[in-house]
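A.B. asks: Before anything else, here's the structure in question.
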Ligand code: SF4
Ligand code: SF3
């Protein structure tokens, strides 16, 4: 075995990637990701043991978020970027420690490497990786918490880019990561910490919602064009709205159009971006479809976050640019200057030398049903529920993926009775957002709140409905949850829903490989989580 990773839904044989990642991640990068997380856990222990005030740790907090984000599935495949980041984090860690003799610190907080060779050797050593924790249940809980924290770091970084932060999130992150090095903690302690991770998942999604909406306005119902125009263009992918704003500003009056891909689609729903005439529409479907869609797009592509699929041809690779936590070897990376500004001139000039995108579909998709917009329609929605026109809501949020078994979600959406509404967020929506599922009294049957972090909106909507219908328990609402997951942001969304008391969540297309049998049983007992079976059976169960 040369690597061990089981953090995403597509992990090999639903057990673990042990030779090479199904995502394309190679053993050297996988091991360096483990080492980066190891250093970050060491830093967390130092912060905890020394009782450092997170408000004084601005650079460390920010670099810890970035480091963690780089290890999320499909975010960064660049070995050199990891080597540089590990070196940076060891330096920051050592500055924090100063007096090493004062505390009993874990190897993660004290190890040193003097060369890149030594770093790579350390990265593949047994004490660093996931399997360093021998007890299967403790390992499972430690990884569940770690993946939840990865989601917190990703959403926290987006909020921070807009200038919003919450010291409680940093405090919790250090507490949780330090706990994953602490052999004194029992499985029960770690279950408690898992619930707390969900609590901070709600906090970080609320923070990001506040950051996005205060800067860019509340998402509103929007029809997004999925066809193309005859101008050279740039495709922007990932989740970072600050990068989208900078790209739209810099492409104004250049003759270059901008299109969104995958999780950037909800950018169109924000009022602040509607003023750009060259912000043309969305090109293609969810992340994994980039393999064919980037070929026909013809212009440069900017990745602001995950999900990158290793490009098949040099021609496409030469058109890919990355920024922030994203990275791919051989692709140009755009860094921010000291004022946190990014210069996209290179990409714009590159676009001008390339052909306009090839049309792959035409028409429009509708979205923008985040909490504020749905509240504006509340009377209409409540009337439709009271009169029986809407029988049930189905939350089908989360991620999409390559597995054939995900056809389940398209069929499920198609076969839902016509008096039901789908509430969605995240790239899971691409399984059904282009189907013509109609509307109920003018309310579309697929309500897209936005990106995966906008699952927060779905929770706000559920809590509001609970209030309107004067119910005691969120589970008494006519809402069923059939959620698809892929990477670690979906883990924090799930933990957040569990923290809010949502029960009977169906999770698919497979349950996480990192859940040991005992840990999976705890989730089943405590929260009635279940996997998926067949469309017919699950439909029966969920329609009640
Ligand atoms: Fe495998 Fe997923 Fe890890 Fe990639 S991220 S190596 S596919 S488990
Ligand atoms: Fe999608 Fe990669 Fe999860 Fe933000 S972009 S939801 S998978």
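A.B. asks: Going by the conditions given, is residue 451 touching a helix residue (DSSP H, G or I) at 6+ places or on another chain (Cβ under 9 Å) and either within 16 Å of ligand 1 (Cβ to nearest atom) or in the same structural domain as residue 307 (by TED's automatic domain parsing) (or both)?
C.D. replies: No: the conditions fail for residue 451.
A.B. asks: Within region 47-55, is even one residue assigned to a helix (DSSP H, G or I), under 30 Å from residue 290 (Cα atoms) and either in contact (Cβ under 8 Å) with a residue 60 or more places away in the chain or within 9 Å of ligand 1 (Cβ to nearest atom) (or both)?
C.D. replies: The answer is no, given that none of the residues of region 47-55 is assigned to a helix (DSSP H, G or I), under 30 Å from residue 290 (Cα atoms) and either in contact (Cβ under 8 Å) with a residue 60 or more places away in the chain or within 9 Å of ligand 1 (Cβ to nearest atom) (or both).
A.B. asks: Just to be sure before I move on: is residue 425 free of Cβ contacts under 8 Å to residues at least 40 places away in the same chain, away from ligand 1 (no atom under 16 Å from the Cβ), under 30 Å from residue 11 (Cα atoms) and more than 21 Å from the chain's Cα centre (by Cα) in the structure I sent? Even if it seems obvious, please write down each step before you answer.
C.D. replies: On the way: free of Cβ contacts under 8 Å to residues at least 40 places away in the same chain: yes; away from ligand 1 (no atom under 16 Å from the Cβ): yes; under 30 Å from residue 11 (Cα atoms): yes; more than 21 Å from the chain's Cα centre (by Cα): no.
So residue 425 fails the test.
A.B. asks: For region 71-93, give me the residue count where each residue is outside any loop (DSSP other than H, G, I, E, B) and either within 16 Å of ligand 2 (Cβ to nearest atom) or modelled with pLDDT under 95 (or both).
C.D. replies: 1
A.B. asks: Right, something else. Those residues that are surrounded by 12 or more Cβ atoms within 10 Å (Cβ to Cβ), free of Cβ contacts under 8 Å to residues at least 40 places away in the same chain and under 20 Å from residue 179 (Cα atoms), I need them from region 112-132; list them, please.
C.D. replies: Result: 127, 132.
A.B. asks: Could you tell me how many of the residues in region 4-23 are without any contact (Cβ under 8 Å) to a residue 40 or more places away in the chain and away from ligand 2 (no atom under 16 Å from the Cβ)?
C.D. replies: So the count comes out to 6.
A.B. asks: Is it the case that some residue within region 400-421 is in the same structural domain as residue 466 (by TED's automatic domain parsing), touching a residue at least 40 places away in the same chain (Cβ under 8 Å) and within 24 Å of residue 209 (Cα to Cα)?
C.D. replies: Checking region 400-421: at least one residue is in the same structural domain as residue 466 (by TED's automatic domain parsing), touching a residue at least 40 places away in the same chain (Cβ under 8 Å) and within 24 Å of residue 209 (Cα to Cα).
A.B. asks: Output yes when any residue across region 205-212 is surrounded by fewer than 19 Cβ atoms within 10 Å (Cβ to Cβ) and closer than 22 Å to residue 157 by Cβ, and no when none is.
C.D. replies: Yes, region 205-212 has at least one match.
A.B. asks: Looking at region 13-24 only, could you name the residues that are within 6 Å of ligand 1 (Cβ to nearest atom) and surrounded by fewer than 20 Cβ atoms within 10 Å (Cβ to Cβ)? Step through it out loud before you land on a result.
C.D. replies: Initial filter on region 13-24 (within 6 Å of ligand 1 (Cβ to nearest atom)): 17, 21-23.
Correct list: 22 only.
A.B. asks: Let me ask another. Can you name the residue in region 1-11 that is near ligand 1 (Cβ under 6 Å from one of its atoms) and over 16 Å from residue 288 (Cβ atoms) and is also nearest to the chain's Cα centre (by Cα) among such residues?
C.D. replies: 7
A.B. asks: What pairs can you find where one residue is in region 180-193 and more than 16 Å from residue 526 (Cβ to Cβ), the other is part of a loop (DSSP other than H, G, I, E, B), and their Cβ atoms are less than 6 Å apart, with a gap of 6+ or different chains?
C.D. replies: From residues that are more than 16 Å from residue 526 (Cβ to Cβ), the pairs are 181/106.
A.B. asks: Can you find, within region 374-405, the residue that is farthest from ligand 1 (Cβ to nearest atom) among those that are in a helix (DSSP H, G or I) and surrounded by 22 or more Cβ atoms within 10 Å (Cβ to Cβ)?
C.D. replies: 381
A.B. asks: I would also like to ask the following. Which ones in region 243-263 are within 16 Å of ligand 2 (Cβ to nearest atom) and farther than 19 Å from residue 295 by Cβ?
C.D. replies: Scanning region 243-263 gives 243, 244, 263.
The values are calculated or read from the model by the stated rules, or taken from the named source; none is laboratory data. Remember, it's a predicted structure, so these values are computed and weren't measured experimentally. As a convention, Cβ positions derive from the backbone with ideal geometry for all residues, glycine included, and neighbour counts pool all protein chains shown.
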